[in-house]
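Okay, so here's the structure we're looking at.
The values are calculated or read from the model by the stated rules, or taken from the named source; none is laboratory data. Please read these numbers as outputs of a predicted model, since none were measured by experiment. Reconstructed Cβ throughout: ideal geometry from the backbone, glycine too, with neighbour counts over all protein chains shown. Calculation scope for accessible area: heavy atoms of the full protein, side chains included, ligands and nucleic acids excluded. Shrake-Rupley method; radii C 1.70, N 1.55, O 1.52, S 1.80 Å.
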Amino acid sequence: MESAMQGGIPTGRDYYHINFTLFDSKTNVQIRHAQVEARVAEVGGAGELKKLEPTTINNTVSYGNYFRMSGNNPYWI
């Protein structure tokens with residue numbers, strides 16, 4: 001299944017899958033049909049902005065994509 005998500009698993013090293021599930025803070029109801037983006041950057045860097053694609057597993061929608069994070073420096077997500 002993972003091979004079909006977000007265009008498939010990238011080739012090469014240092015790719016990580018970022019994944020979020022969203023809930024309304026007042027009702028605790030899951031938020032579906034959202035448009036979600038994430039920026040992953042080394043601290044102090046510009047980073048990379050990507051759309052997080054929806055995936056449904058066991059009737060739960062989550063949003064994710066692959067980002068390259070190499071080295072030992074901390075990252076902001």
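For the range 44-67, name all the residues that are surrounded by fewer than 17 Cβ atoms within 10 Å (Cβ to Cβ), out of contact with any Phe, Trp or Tyr (no Cβ under 8 Å at 6 or more places or on another chain) and not small (Gly, Ala, Ser). Once the filter is applied, which keeps residues that are surrounded by fewer than 17 Cβ atoms within 10 Å (Cβ to Cβ), out of contact with any Phe, Trp or Tyr (no Cβ under 8 Å at 6 or more places or on another chain) and not small (Gly, Ala, Ser), the range 44-67 yields LEU49, LYS51, THR56, ILE57, ASN58, ASN59, THR60, VAL61. Under the condition of being charged (D, E, K, R) and either modelled with pLDDT under 95 or part of a strand (DSSP E or B) (or both), which residue from the range 2-31 is nearest to TRP76 (Cα to Cα)? Among those that are charged (D, E, K, R) and either modelled with pLDDT under 95 or part of a strand (DSSP E or B) (or both), it is ASP14.
Taking LYS50, is it at pLDDT 95 or above and either hydroxyl-bearing (Ser, Thr, Tyr) or within 17 Å of PHE67 (Cβ to Cβ) (or both)?
Details: at pLDDT 95 or above: yes; either hydroxyl-bearing (Ser, Thr, Tyr) or within 17 Å of PHE67 (Cβ to Cβ) (or both): yes.
Yes, satisfied.
Residues checked against (1) under 12 Å from the mean Cα position of the chain (by Cα); (2) in contact (Cβ under 8 Å) with a residue 24 or more places away in the chain:
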| position | (1), (2) |
| --- | --- |
| ASP14 | no, yes |
| PHE20 | yes, yes |
| LEU49 | yes, no |
| GLU53 | yes, yes |
| SER62 | yes, yes |
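Have a look at ALA34, ALA41 and point out the one that is part of a loop (DSSP other than H, G, I, E, B) and among the hydrophobic types (A, V, I, L, M, F, W, C). Within the list ALA34, ALA41, the selection yields ALA34.
In this entry, SER70 passes the filter for residues that are under 17 Å from ILE9 (Cα atoms), part of a loop (DSSP other than H, G, I, E, B) and either without any contact (Cβ under 8 Å) to a residue 40 or more places away in the chain or open to solvent by less than 60 Å² (accessible area, probe 1.4 Å) (or both). Is it true that ALA34 is open to solvent by less than 60 Å² (accessible area, probe 1.4 Å), modelled with pLDDT of 95 or more, under 11 Å from ARG68 (Cα atoms) and not hydroxyl-bearing (Ser, Thr, Tyr)? No, not satisfied.
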